[in-house]
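J.: Have a look at the structure that comes next, please.
Where a number appears in this text, it was derived from the coordinates with a stated rule and is not lab data. Treat the numbers as computed from the prediction; the structure is a model and nothing was measured. Reconstructed Cβ throughout: ideal geometry from the backbone, glycine too, with neighbour counts over all protein chains shown.
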Amino acid sequence: MRYLHTMLRVRNLDAALKFYSEALGLKEVRRVDNEKARFTLLFLCATDDQALLDKVEGRGAPLVELTYNWDEEKYGEDRYFGHLAYEVNDIYATCERLMKLGITINRPPRDGMMAFIRSPDLHSIELLQKGNALPPQEPWLSMVNTGHW
């Protein structure tokens, strides 16, 4: 498993970017604008982590992901922290092992790429398949979402 990023929701992307880049010195390394789902993801890297980012194939790490939803949402203070993200070698094997430990898979890896679980303190944790998505398969394909993530 490899640590990838921490996601934080932001209300004003420009103000957040100014804070993280000018005050903290983080550098924007990737931006995703999703018009269909109406959000922007902005990934930032600390200066001293830039060399690591350049060496890593696939998803860079460690990063801060700022998530800006274009339509105003009311999160409450407890929802501005989004999630931790980890890359795993086999998303299905990882989720199966977690289920055997009694951990609920809140968002099953139906797509062979992404799953979400929650810690005992209800922190969301995203699991992402290393490399390409695995072919969809049961029982994951038929599993429904459970709770929140």
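J.: Lys130 versus Asp48, label points 7 Å from Cα toward the beta carbon: distance in nm?
T.: Going by the 7 Å Cα→Cβ label model, 2.6 nm.
J.: Starting from segment 1-99, pick out the GluC sites (Glu not before Pro) whose DSSP state is loop and whose Cβ has at most 16 other Cβ atoms within 10 Å. Intermediate values should be presented prior to the final figure.
T.: Values: sites: Glu22, Glu28, Glu35, Glu57, Glu65, Glu72, Glu73, Glu77, Glu87, Glu96; in loops: Glu35, Glu57, Glu72, Glu73.
Those satisfying the criteria are Glu35, Glu57, Glu72, Glu73.
J.: Starting from the amide H of His83, placed 1.01 Å from N in the peptide plane, find each other amide H under 5 Å away whose residue is 5 or more places distant or on another chain.
T.: So His83 has HN proximity to Met7.
J.: Quick one: which residues, 5 or more positions from Arg30 or on another chain, have an amide H under 5 Å from its amide H? H modelled 1.01 Å from N in the peptide plane, none for Pro or chain starts.
T.: Phe43
J.: For the chain, which span is the longest to avoid every loop-located (per DSSP) member of trypsin sites (Lys or Arg not before Pro) having at most 13 other Cβ atoms inside 10 Å? The partial results should precede the final answer.
T.: Numbers: sites that count: Arg11, Lys36, Arg38, Lys74.
Result, exposed sites excluded: 75-149.
J.: Along the Cα→Cβ direction, 7 angstrom out, place labels at Arg31 and Thr6. What is the inter-label distance in nm?
T.: 2.4
J.: Sticking with this structure for a sec: Which loop chymotrypsin sites (Phe, Trp or Tyr not before Pro) in segment 1-90, with loop taken from DSSP, have no more than 14 other Cβ atoms within 10 angstrom of their Cβ?
T.: Filter output for segment 1-90: Trp70, Tyr75, Tyr80.
J.: Among [x] 1.15; [y] 1.00; [z] 1.09, which is the computed Cα Rg over 2.2 N^0.38 Å?
T.: So the structure-derived entry is [z].
J.: Follow-up question, since we're still on this one. Against the longest alpha carbon principal axis of the chain, how many degrees, from 0 to 90 and to the nearest 10, is the axis of helix 91-100 turned?
T.: With rounding to tens, the tilt is 60 degrees.
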